[in-house]
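Have a look at the structure below, then the notes.
Just so it is clear, none of the values below were taken in a lab; they were calculated from the coordinates. Every value quoted in this text rests on a predicted model; they were computed, and no experiment measured them. Note: ideal-geometry Cβ built from the backbone for every residue, glycine included; neighbour counts use all protein chains shown.
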Amino acid sequence: MENLKDKEIWFVTGSQDLYGEAVLQQVTADSGIISEALDNSSLIPCRIAFKPVQTTSDAIFRMCIEANMNASCIGIIAWMHTFSPAKMWIKGLKVLSRPFLHLHTQFHGEIPWDTIDMGYMNLHQSAHGDREFGFISTRMRLDRKVVVGHWQDEEVVKNIAVWTRAAAAYDDFQNLRIARFGDNMRDVAVTEGNKVSAQIKMGYSVFGFGTGDLADSVASVYDHEVDRLLDEYNSAYLVARDVAESVSLRDAARIEAGMEKFLIKGNFKAFTTTFEDLHGLKQLPGLAVQRLMLKGYGFGAEGDWKTAALVRAMKVMASGLPGGTSFMEDYTYHLEPGRMRVLGAHMLEVCPSVADEKPYLEIHPLSIGGKDDPARLVFKSAQGEAIAASLIDLGNRFRMIVNKLEVVECPDMPNLPVASVLWKPAPDLKTSASAWIYAGGAHHTGFSTALTPDYIDDFSAMLGIEYLLIDETTDIKTFRNELKWNEVYYHIANGMM
């Protein structure tokens, strides 16, 4: 994964010349202290870069242009330390293409009741300076994140940290290239979509390749490259001797090496495969997909490029956090009254970042695809809180759907040698599945034990797409009404653009 410390969030403070040089020097000093504290926070993965206090329209405009053009800058935190007349922000905000967070704070957390005077008041005007800035942002119909509270409060820092990770994923989306090996699974609807609309709205681009192109890359792999991977397998996983010495495992290693070469050469950070198009490959890439996801690549099965992009974004957001992130599928249900659960799995492609212990590397037949028995990592997921997210194309807009989950202990399944996750969806399976289906959620998802819904909420806002949450408060009647209201809103909003 990329190092998020290579990215910057610019800390920008607003004021005006009316206060005089002494006040502006104090504003600069106070702003620098806040910026430095955020930069030093272990919760925030990106650098927080302090920028000069903004007091004129031209300076703000130049700063916004510079932010747009700086490859390291992925967003702006704006704070009005004193009163900053908002008309001077219009020119800059009109051209700003980076996400921005409005931090509504003040330097001192408490009022000094015994000593407060007009000098103090002149230096602590965020209560109305930020409201002025908030008005112009709303008047300009700008989507942004608003965080309220003292800058030293842990909750405030956590909210900023979540947003910075979403900003990193948004930045990654703007240059993301997805390789699609073969087409989508035939006759499947939800994995289709408009790639041009996706690129216009979200930034990433999708490139189609024949499986023969991948097969050529696989054929170019040298034996010593295969041997190196086999050594890695024996070190990282539990491998039986007959598996370690099998031709199938060598074939799987060759596919992994060839696939990674192809992705690196084309600067692709996400990819898809499909079991219906394996021409030139000896087996369905299972082990290769699992290990490439572990390195940070996004993946979607059966040509699902939208989920591949989503998994990549979630990987970026989760970089360095405890837990894992993977491509996932709601596979089958346990409908025992009072203990309803969802078994999540796929044929082969679940990322070992979510595993609770060292995976087994195994080879078994696959009753689909018509190729040789494929290698795969077999494990159960770690337990705890998680989310499943789905990105769908509704024709007139994109919709993000998130469900809160609780991963629970999964019983042994000796006749199902796949990576698997067992979860209890919030608020319960009946409500969750009903809401998911009403919303049109896909059977493919991005699954994460590292992220919470807040990350996907902030990310969706940056993309300007619809966001729906299914959690412990979800009520089907209310949820269905929300779907109807959203339909009206997006119809009107799209007509105004």
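Of all DSSP-defined beta bridges confined to the stretch 6-168, some 0% are antiparallel rather than parallel. For the chain, with the dipole built from +1 on Lys and Arg beta-carbon atoms and -1 on Asp and Glu ones, taken about the Cα centre, which of Ala252, Ala179, Leu321 lies farthest toward the positive end? Of the candidates, Ala179 comes out farthest on the positive side. Using alpha carbon centroids, what distance separates the stretch 181-250 and the stretch 430-497, in Å? Using only Cα atoms, the two centres lie 31 Å from each other.
Using a 10 Å cut-off on Cβ atoms, rank the peptides 333-344, 180-191 from the highest mean neighbour count down.
Most protected by this proxy first, the peptides run 180-191, 333-344.
So what's the net charge close to Phe83: Lys and Arg +1, Asp and Glu -1, counting the other residues with Cβ under 14 Å from its Cβ? Once all neighbours under 14 Å are counted, the net charge is -1.
Pairs from the list Lys158/Lys380; Lys51/Lys91; Lys195/Lys315; Lys158/Lys315; Lys5/Lys295 with a Cα-Cα gap above 24 Å: Lys158/Lys380. The local environment of Ser460, defined by Cβ-Cβ distances under 12 Å, has a net charge of -1 under the rule Lys, Arg +1 and Asp, Glu -1. When the helices of the chain are scored as -39500 (n - 2.57) per DSSP H run of n ≥ 4 and the total is divided over every residue, the value at 222 nm lands at -12500 deg cm²/dmol. Take every pair of alpha-carbon atoms less than 8 Å apart whose residues are at least six positions apart; their mean separation over the length of the stretch 297-362 yields a relative contact order of 25 percent. Summary of packing: across the peptides 439-448, 5-14, 18-27, the per-residue average of other C-beta atoms within 10 Å ranks them, highest first, as 439-448, 5-14, 18-27. Along the Cα-to-Cβ line of Ile90, 7 Å from the Cα, sits a label point; which residues in the stretch 1-29 have backbone N less than 19 Å from it? Correct set: 15-17.
Taking a straight line from the alpha carbon of Lys430, these lysines sit under 20 Å away, with near neighbours fewer than eight places off in the same chain left out: Lys404, Lys477.
Can you grab the distance from the C-alpha centre of the stretch 356-386 to the C-alpha centre of the stretch 101-169, Å, no decimals? Here the two parts' Cα centres lie 48 Å apart. When the Cα gyration tensor is reduced to axis lengths a ≥ b ≥ c, the ratio a/c is 1.5 or higher for the stretch 8-121, and with a/b not above b/c it is classed as oblate. Pairs of Cα atoms nearer than 8 Å and 6+ residues apart set the relative contact order; for the stretch 177-496 it is 17 percent. For the stretch 1-143, the relative contact order is 29 percent, taking Cα pairs closer than 8 Å that sit 6 or more residues apart in sequence and dividing their mean separation by the residue count. Angle, helix 21-39 long axis vs. longest principal axis of the chain, Cα atoms, 0 to 90°, nearest 10? Helix 21-39 and the main axis of the chain meet at about 20 degrees. Each residue in Phe135, Phe268 was given a count of other beta-carbon atoms within 10 angstrom of its own, and listing them fewest first yields Phe135, Phe268.
In the list (1) 22.4, 75; (2) 25.3, 85; (3) 25.0, 81, the label attached to Rg and Dmax of the Cα atoms in Å as derived from the coordinates here is (3).
Where both bridge residues fall in the chain, DSSP classifies roughly 50% of the beta bridges as antiparallel. Positive contributions from Lys and Arg (+1) and negative ones from Asp and Glu (-1), summed over other residues with Cβ under 14 Å from the Cβ of Val190, come out at -4. Working ranking of peptides 370-380, 481-491, 145-155 by packing, defined as the average number of other Cβ atoms within 10 Å per residue, highest first, is 370-380, 145-155, 481-491.
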